[in-house]
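What follows is a short report on a single structure.
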Amino acid sequence: MDFKYLVRPYTNAPLTRQVMLEILKDYKRPNDKISELIKSGELISLKKGLYIPGIKTNLPSPETFLIANHLWGPSCVSLESAMSYWGLIPERVYEVSSITMKLSKKFKNLKGRFSYRYMPSPYYSFGIRSIELSPGQVALVAMPEKAICDKIITTAGLVLRSPVQTRNFLLDDLRIDAEWLHKLNLEALHSWIEDAPKKGSLSMLIKTLEKL
């Protein structure tokens, strides 16, 4: 049977090696078949052991955020990517940025660039939502508040010491829409502080937002 018909039921997520072996179980040498499919353009390798259907199959590709979740995990789309998704910042983001409990990592493949920044547990798990990006495709994305906190934590050399400095960072450096600052969930921010890195800077963030 044609590969695109075999793979069609599995197109809502990246294809793991286990899934590929199941799809190609009738082939005597499935690994050789995988290599053949990649060469023919019917299969795209995202990294070793992770694939998506190629353009030649005319099948839909998994959403980029879902690919990010699968490339390196556990992970959650955050930082500028989440801020752009929620509409906090005006810029279009060309790299999918995530946080992870594993080591920091970067990937580049035919679907784009993906970066991952380490966050300690339990802070990593706070402020994560499951978002249905399209029918049947659900990805983990940081809430707006968490994306901002993650950005403050991962910005090297940044120490927020005053409300003026904090506002400048949010409005000038990150270019966050000022209206969003009034919508942020301060109760959630307070609940994360105890287990968060850069407690002082995040406390100043909350203090600044409370005065708006």
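The values are calculated or read from the model by the stated rules, or taken from the named source; none is laboratory data. Since we're looking at a predicted model, the values are computed, not measured. FYI the Cβ positions are ideal-geometry reconstructions off the backbone, even for glycines, and counts take in every protein chain you see. Keep in mind that these areas ignore ligands, DNA and RNA; they rest on the heavy atoms of the full protein, side chains included. Shrake-Rupley method; radii C 1.70, N 1.55, O 1.52, S 1.80 Å.
If I filter the range 122-144 for residues that are touching a strand residue (DSSP E or B) at 6+ places or on another chain (Cβ under 7 Å), among the hydroxyl-bearing types (Ser, Thr, Tyr) and open to solvent by 70 Å² or more (accessible area, probe 1.4 Å), do I get at least one hit? Yes, there is a match, as at least one residue in the range 122-144 is touching a strand residue (DSSP E or B) at 6+ places or on another chain (Cβ under 7 Å), among the hydroxyl-bearing types (Ser, Thr, Tyr) and open to solvent by 70 Å² or more (accessible area, probe 1.4 Å).
Report whether or not LYS4 is more than 23 Å from LYS108 (Cα to Cα) and touching a residue at least 24 places away in the same chain (Cβ under 8 Å). Yes; evaluated as a whole, the condition is true for this residue.
Answer with yes or no whether GLU95 is at pLDDT 95 or above, among the charged types (D, E, K, R) and touching a helix residue (DSSP H, G or I) at 6+ places or on another chain (Cβ under 9 Å).
Details: at pLDDT 95 or above: yes; among the charged types (D, E, K, R): yes; touching a helix residue (DSSP H, G or I) at 6+ places or on another chain (Cβ under 9 Å): yes.
Judged against the criteria, GLU95 is a match.
Considering (1) in a helix (DSSP H, G or I); (2) open to solvent by 80 Å² or more (accessible area, probe 1.4 Å), the lone condition that LYS33 does not fulfil carries the number (2).
Which one of these does ARG167 not meet: (1) within 22 Å of VAL77 (Cα to Cα); (2) surrounded by 14 or more Cβ atoms within 10 Å (Cβ to Cβ); (3) among the charged types (D, E, K, R)? Tallying (1) within 22 Å of VAL77 (Cα to Cα); (2) surrounded by 14 or more Cβ atoms within 10 Å (Cβ to Cβ); (3) among the charged types (D, E, K, R), ARG167 fails exactly one: (1).
Whenever a residue of the range 171-194 is free of Cβ contacts under 8 Å to residues at least 12 places away in the same chain, its partners that are among the β-branched types (Val, Ile, Thr), lying with C-beta atoms within less than 9 angstrom and at least six residues away or across chains, give the pairs ASP173/THR155. Residue count for the range 37-76, restricted to those that are in a loop (DSSP other than H, G, I, E, B) and either among the hydroxyl-bearing types (Ser, Thr, Tyr) or open to solvent by less than 10 Å² (accessible area, probe 1.4 Å) (or both): 3. Scanning the range 146-159 for residues that are open to solvent by less than 10 Å² (accessible area, probe 1.4 Å) and of a type outside the set (Lys, Arg) yields ALA147, ILE148, CYS149, ASP150, ILE152. Filter the range 191-211 down to the residues that are of a type outside the set (Asp, Glu) and over 17 Å from ALA147 (Cβ atoms), then identify the one that is farthest from the chain's Cα centre (by Cα). Top of the filtered list is LYS211.
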